[in-house]
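Asker: My questions all concern the structure below.
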Amino acid sequence: MRKPLIAGNWKMNGLRASLLELSGMARAFSPALRAKADMLICPPTTLLFPAAASALGSGIAIGAQDCHAKESGAHTGDLSAAMLFDAGASAVIVGHSERRTDHGETDADVKAKAEAVIAQGMLAIICVGETKAQREAGKALAVVAKQVRGSMPANANAAQVVIAYEPVWAIGTGLTPTIHDIAEIHADIRKNLARLLGKDAAGKIRILYGGSVKPSNAKEILALTDVDGALVGGASLKAADFMAIVEAA
Ligand code: PEP
């Protein structure tokens, strides 16, 4: 019922030559694969426009990695949701842990950004996840529940939002939670979404797992009931790795 979404976050990686990897992905994203999984690539903003042009007709959606919550104004260096949409984005990642850490973004900031993305008719991919210390203190479920409550726009639906559960300590480290821990926290996120939005809406919203997903572990993670796709960093930079994850979905 929930079509898996495999999303790639290129972070601050990629020059125009990297679009060759995107072309490789487009060639490999066959009609049979498209029927089974959605695919999104979020390149750095400098590549949004050419990436969207290059992905045209391939079934690959192109997204941005952040946006400002305001529509326009005196915010030097920032970009609005409307600008990202205009450059070819149909989705925006908000609240990635690197933004929460490097730029001090709070749940309220993330919620405001998600609202701006939705207002522009795009999909907001809202990231949540605990730190290593929080997991070791047994607080992972509570921390993530609070982030979901604080970051989720009111009355959001499955066409407007996706949640990405990304334990901070698993991002770019090669570490992943146990399969049991991933299953437990995804089920808990869905339970909290049901409290916020009702059972029907919560049942339709996709919850992605992110954090050191690679071809070798994708199948096991993506097979879990409440895992509806993946947000992939490092392994999204190479067409061969990323398409192996799409195949696993
Ligand atoms: C990410 O940046 O969202 C991420 C999950 O990175 P990686 O796959 O490299 O751990």
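The values are calculated or read from the model by the stated rules, or taken from the named source; none is laboratory data. Note that the structure is a prediction, hence the values are computed from the model and not measured. Here the Cβ is made from the backbone with ideal geometry for all residues, glycine too, and neighbour counts use every protein chain on show. Heads up: the accessible areas ignore ligands, DNA and RNA and are worked out on the full protein's heavy atoms, side chains in. Shrake-Rupley method; radii C 1.70, N 1.55, O 1.52, S 1.80 Å.
Asker: Could you tell me the relative contact order of the stretch 1-118? Use alpha-carbon pairs under 8 Å, at least six residues apart, and round to a whole percent. Write out the running numbers ahead of the final one.
Answerer: On the way: 170 pairs, mean separation 27.2, N = 118.
This gives 23 percent for the stretch 1-118.
Asker: Using only Cα atoms, locate the centre of the stretch 92-150 and the centre of the stretch 161-207, then give the distance between them in Å, rounded to an integer.
Answerer: Each part's Cα centre sits 12 Å from the other's.
Asker: Can I ask one more? In angstroms, what radius of gyration and Dmax does the chain have, counting Cα atoms only?
Answerer: Values for the chain (Cα only, Rg and Dmax): 16.6, 48 Å.
Asker: Just subtract the alpha-carbon distance of Thr131 and Ala53 from 0.36 nm times their residue separation and send over the number in nm, one decimal. Walk me through the numbers on the way to the answer.
Answerer: Values: separation 78, 0.36 × 78 = 28.08 nm, distance 3.73 nm.
Once the chain is fully extended between Thr131 and Ala53, it gains 24.4 nm.
Asker: Take the stretch 71-199, drop everything but the C-alpha atoms, weight them equally and run the Debye formula without solvent; then report log10 I(q)/I(0) at 0.09, 0.10, 0.18, 0.21 Å⁻¹ to two decimals.
Answerer: Treating every Cα as an identical point scatterer, log10 I(q)/I(0) equals -0.27, -0.33, -1.00, -1.26.
Asker: Quick one: among Met152, Met83, Met12, which has the greatest mean-square fluctuation in a GNM of the chain with alpha-carbon springs under 10 angstrom?
Answerer: Its mean-square fluctuation being the largest, the pick is Met12.
Asker: On to the next question. Using θ = phi - 60° and the Karplus curve 6.51 cos²θ - 1.76 cosθ + 1.60, what whole-Hz ³J(HN,Hα) does each residue of the stretch 12-28 get, with Gly and Pro shown as x?
Answerer: So the Karplus estimates, Gly and Pro as x, are 8, 10, x, 10, 4, 4, 5, 5, 4, 5, 5, 4, x, 5, 4, 5, 7 Hz.
Asker: Then there's this: Positive end of the dipole of the stretch 142-203, charges at C-beta (+1 Lys, Arg; -1 Asp, Glu), about the Cα centre: which of His180, Pro167, Leu197 has its Cα farthest in that direction?
Answerer: It is Leu197, whose Cα lies furthest towards the positive end.
Asker: I need the calculated FRET efficiency for the pair Ala154 and Leu33, taking r as the beta carbon distance and R₀ as 35 Å, to the nearest 0.05. Show your work: numbers first, answer last.
Answerer: Working: r = 35 Å, r/R0 = 1.00.
Efficiency, from the Cβ-Cβ distance: 0.50.
Asker: Given a 1.4 angstrom probe, what's the average accessible area per residue across the chain, in square angstrom?
Answerer: Working: 11280 Å² over 249 residues.
With all protein chains present, the chain gives 45 Å² per residue.
Asker: I'd like the FRET efficiency for Ala119 and Ser216, computed as 1/(1 + (r/R0)^6) with the beta carbon distance as r and R0 of 45 Å, rounded to 0.05.
Answerer: Working: r = 39 Å, r/R0 = 0.88.
After rounding, the FRET efficiency stands at 0.70.
Asker: Of the accessible area of the chain, with the probe set at 1.4 angstrom, what percent is carbon plus sulfur?
Answerer: Working: 6270 of 11280 Å².
After summing per-atom areas, the C and S share lands at 56 percent.
Asker: Still on this structure: Towards the positive end of the charge dipole of the chain, with charges on Cβ (+1 Lys, Arg; -1 Asp, Glu), say which of Ile125, Gly233, Ser58 has the farthest Cα.
Answerer: Value: Ser58.
Asker: What are the residues whose amide H is under 5 Å from the amide H of Leu123, where those residues sit 5 or more places off or on another chain and H is modelled from the backbone?
Answerer: The list, which skips near neighbours in sequence, is Ala91, Val92.
Asker: Through the Karplus equation 6.51 cos²θ - 1.76 cosθ + 1.60, θ set to phi - 60°, convert the phi angles of the stretch 40-56 into ³J(HN,Hα) values in whole Hz; use x for Gly and Pro.
Answerer: Whole-Hz 3J(HN,Hα) from phi for the stretch 40-56: 9, 10, 10, x, x, 4, 4, 9, 4, 5, x, 5, 5, 5, 5, 8, 3.
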